[in-house]
Structures are given as C-alpha cells and as structure tokens.
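The values are calculated or read from the model by the stated rules, or taken from the named source; none is laboratory data. In this text, all values refer to a predicted model and were calculated from it rather than measured experimentally. All Cβ positions, glycine included, derive from the backbone under ideal geometry; neighbour counts span all protein chains shown. In case anyone asks, the SASA skips ligands and DNA or RNA and just uses the protein heavy atoms, side chains included. Shrake-Rupley method; radii C 1.70, N 1.55, O 1.52, S 1.80 Å.
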Amino acid sequence: MSRYEGHTDLTALRVAREAALARTLDLVFERHPYYRDLFQRERLRRDHFQSIDDLERIPVTTKAQYMAESQRFVLESDGLEPEMRTVWDVMYTTGSTSGVPTPFVSTSYDFFNILKLQRNMLLLRGVQPTDLIANLFPLTTVPHGAWIRVLHAAASLQIPVVSAMPGNPSPHFDLGRSLDEVIALLRAQSPTILWGVPSYVQRVLARATELGTRLPSVRKVFVTGEALSETAREHMMAALASAGAHHAQVSISYGATEMQGGMIECHPGAGLHNPLPAQFQVDIVHPETGRALAEGEPGNVLLTHLERRGTVLLRYALGDISVLTREPCPCCGAVTDRLTRTPRRADALVKVKGMLVNPDAVIAELERHLGGCPFQITVEHVADVPLSGDRLRVRVERADDATLSGDLVRLVKHACGVTPDVERVAVGALQSDARWKTQRFTDLRGKTSA
Ligand SMILES: [Zn+2]
C-alpha cells in the first residue's frame, strides 16, 4: 500500500463511526469506572445513545478530571478477548500544573489501531516505499509517544528509520549523541525525511550549514510538539535551502498523547487532517455550553475515542481552540475532520503586572523579528519587590547583537503592554537536548523553582 485510502463520503464515514462507537459504548457502560458513575449521576442509560449525535448528552471531560483519576478512565478488561485486555504499553501526558505525568494505557488492540493511525499519517503526508526517516526525537525519562511512535510508523509502512538519539536521557547511561554526531549520522545515512520538534530540527539545520554539511536528500520535514507559525515555517524552509534541501516540504502535526499520533497536513496549508476518523472523532464546541458549533466557527477542540479498549476518553477537551471542516480536502480529497486554523491554547491569556497578556501575540512578534533564533519568555514572581512583584523575562540566544535588547523591549511592550527584561544568552543555552520540546512561554509564578 502506498496511497491513503480513506472514506469516500461522509455517509460512509458515519456508518463506520456509528459501528465503532456502539461497540465502545457497550463496554463503557459496563466497564468504565469514571463514565459509569458519571452516567449514573446524569441519569443517562445505554438506550439514550442511538446515534453519534447523542454523544452531546455527555458533559465535556476536562484534562483536570482525567489527570485527577486517570486509572478510572481505563476499561475493566477481565473476560475480554486477549488483545483487548493485554496492556501493550503506557505513555504519559505531562501534567500542566502539578507536573505529575498522567498514564495513557494502550492494549494490544489499541496498539494495532495506533499502527493503522501512524500508517495513515505517513500516507497522507505522501511518504513513499523508498523513503528513509531520520528520527530526531530524544529519548525521554517519561515516554509520551513521540520517539517510539516514529519507529512504529516506519514499521507500519515497512520503510527504514534511523534514530539519531540526541541528548542523553539519564546520567546512568551513555545512550545519547551530541549535535555534531547527529549531523555526521545524517550525512552518512542521507535520510529523505527528518522528523522531530521544530526547535531541534532548526538547530540541526543551522549547525549543518555552519559545518558545511549538505543534506540534499531531505524532501520532507515532519514537525510536532511545538506550534509552528507560518513565519517559522518560512524560516525553516530557508534553513533547509541553506543546507542544500531546496524543495523540502515542512509538514506540521497537531499531536497529543491522547491520540498517540497527530492531526497532520497532506500538503502545507491544507489543514490538519484526522488521519483515522473511524477511530477518533474531533468536534468543535462552544467553550461554555459544550454544544457543537457549526463548521467554520471557532471553539474548543474535543476528542472522542470511538475504538479504544485501554484508556477511553469521551468528549475530551484537548485545551485548544480551532476551527473545523468536514468538506473533502481540496488537496488530497480526504473526507475527515480537518482543522483549518492553527490550534491555540484555550486558556491563553495571563495577567502580568495587571495587564492581560496574550502569549501567542508576543511569540508571533518575536518570531517575526528573530527568525529561527531561539527565545524563551517567562513570567516570574520577584519575591523582594512588594506589589508590582511580577516580571516578564525574555531570553534570546544571540550574543553578537548589542542593539537587540532595546529593540525587543519596544517590540514586546507594543505587543502586550508590559515592559520586559530582555537578556541575551549564549547559543544553545535555552535548549537542553534531554528535554523533548522548548517551552516558549512559561508562567513560573506559584512554582517553587525556576
Ligand atoms: Zn488533504
């Protein structure tokens, strides 16, 4: 198989979804501790769910609810078929506030579906049997499904993958490779696809150019884990061209541990496709009422597992706002859920020195000004200064430009109304190889250490 074979029309998709959901709901009513209790409280019976539209009767599940009692979201599997009761693997989604990782359990049945999902992601992105993937994700202490799923994706399509192993996951081992070793590997292996987090890919491309290493075989770059604006995509394409990959495409993914995959672009700008719509349903709902919104209206992104046997989430809020269409994709013809606007955090606004700040707006301004140059924004509490005890701190990896700080202070003040402290730091200082993504904006108030 080397082409994506999705659903031909919405009716066929709906039939597949109804069948999967009916099987899952039978199990959820009987075996899902969290929803069983919720349905009892809400006086919901199995016969209230005759079609997929009835899902709307279920209150939205928040990330906080899932994190608070994640084990109660796993089906009780005694007596089910072996592939439905055997735990294949457990990945973790990092807690947003507590920092405690939340387990996401997949049975063998779920894992086989993950292979289908990953295969569809590759096919939608135009991967060919002749491709060779370079896995640029680091090994992490807490597995979340980026590093390992690249191996599984390659297996699902029987294509080769080479894992670069950047960074070192633990002081007890010497498994990791330095940036220059990673580049030497790319030079030796000539991969056609680079797959990683945007900040690390950008760093690899910059260093390759510095070293005079050419990567002309690269034809696609898959990025996930951090948002990539159109400006940042242009910078990455320019960096690819500098490294000799003149026609490489940058393909964005909106990934989540709760999917063990991501919604991806078939073509840059074509929207983020749900790659396996018979397995997941994606809805957009009103942030307060939880009611479905018409296609084209912005609202909260909900994920429903139609076909899982380990951790099962129904109408689960991923925490982002976007816009949905189910029109056939004008580029590839796929009939599926497609997000047509870059998802942004639903809880984006933060208060700093009494001003409401939209971090996305500040990030966008800095990206426009700094290009691919790494930066980090933090909000910190300054304990010694009474009343106006918060500060907005911008750190930029650029040591060579003395006029930069003044420019950035004006730029950030203009974007959000708050005057920042700008610091220039050494190249590489903001990025630790062992961490899998760079947090561009972090609110450190209320945390014990920075
Ligand atoms: Zn498409």
Packing-ranked peptide list from 325-335, 357-367, 304-314, highest mean Cβ count within 10 angstrom first, is 304-314, 357-367, 325-335
Average Cα contact separation per residue, the range 126-256, under 8 Å, 6 or more apart, as relative contact order %
22 percent
Using a 1.4 Å probe, how large is the accessible area of Tyr92, given in Å² and rounded to the nearest 10?
70 Å²
Using only the Cα atoms of the range 133-225, build the gyration tensor, take square roots of its eigenvalues as a ≥ b ≥ c, and label the shape rounded, prolate or oblate: rounded if a/c is under 1.5, else prolate if a/b is larger than b/c, else oblate.
oblate
Where the only charges are on Cβ atoms (+1 Lys, Arg; -1 Asp, Glu), what is the dipole of the chain about its Cα centre, to the nearest 20 debye?
240 debye
Projected onto the charge dipole of the chain (+1 at Lys/Arg Cβ, -1 at Asp/Glu Cβ, origin at the Cα centre), which of Val422, Val15, Trp195 gives the Cα projection farthest towards the positive end?
Val422
Leaving out ligands, DNA and RNA but keeping every protein chain, what accessible area does Met91 have, in Å² rounded to the nearest 10, with a 1.4 Å probe?
10 Å²
Over the chain, calculate the relative contact order: mean separation of alpha carbon pairs under 8 Å at least 6 apart, over the residue count, as a percent.
15 percent
Contact order relative to length for the range 189-323, counting C-alpha pairs under 8 Å separated by 6 or more residues, stands in percent at 15 percent
For the charge dipole of the chain, defined by +1 on Lys and Arg C-beta atoms and -1 on Asp and Glu C-beta atoms about the Cα centroid, which residue among Thr94, Leu55, Tyr66 has the Cα displaced farthest towards the positive pole?
Thr94
Place the peptides 193-206, 64-77 in order of packing, highest mean first, counting for every residue the other Cβ atoms within 10 Å and averaging per peptide.
193-206, 64-77
What ranking do 144-153, 416-425 get when scored by the average of other Cβ atoms within 10 Å per residue, highest first?
144-153, 416-425
Heavy-atom accessible area per residue - the chain, 1.4 Å, Å²
45 Å²
